[in-house]
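Asker: Supplied in structure tokens, the structure appears directly below.
Just so it is clear, none of the values below were taken in a lab; they were calculated from the coordinates. Every value quoted in this text rests on a predicted model; they were computed, and no experiment measured them. Backbone-built Cβ (ideal geometry, glycine too); neighbour counts: all protein chains shown.
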Amino acid sequence: MSDETTPICSAKGCRTPAVWVLAWNNPKIHTPERRKTWIACEEHREHLSQFLGVRGFLKDVVPLAEWEAPEDSGRS
């Protein structure tokens, strides 16, 4: 991958390549099957997972190389 296509961690201010996908859903505004995503570097995976987890939003954490987005994932 070139620098222009390398996924970058979603943590604020981080410019490290992402290696994890955090799939989440806010049940107050999303249908149960909808999955939004954040991507994370190794350093920020746990922090971002905890942020989503305490809110009850986190649904899954998978390696970026293994992520297959659902057809209507609502990725952002």
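Asker: Using a Förster radius of 35 Å, what is the FRET efficiency between V54 and T16 based on their Cβ-Cβ separation? Nearest 0.05, please.
Answerer: On the way: r = 23 Å, r/R0 = 0.67.
With R0 = 35 Å, the Cβ-Cβ based efficiency is 0.90.
Asker: Determine, from the Cβ-Cβ distance of T6 and T31 and an R0 of 35 Å, the FRET efficiency 1/(1 + (r/R0)^6), rounded to the nearest 0.05.
Answerer: Numbers: r = 31 Å, r/R0 = 0.89.
My answer for the efficiency is 0.65.
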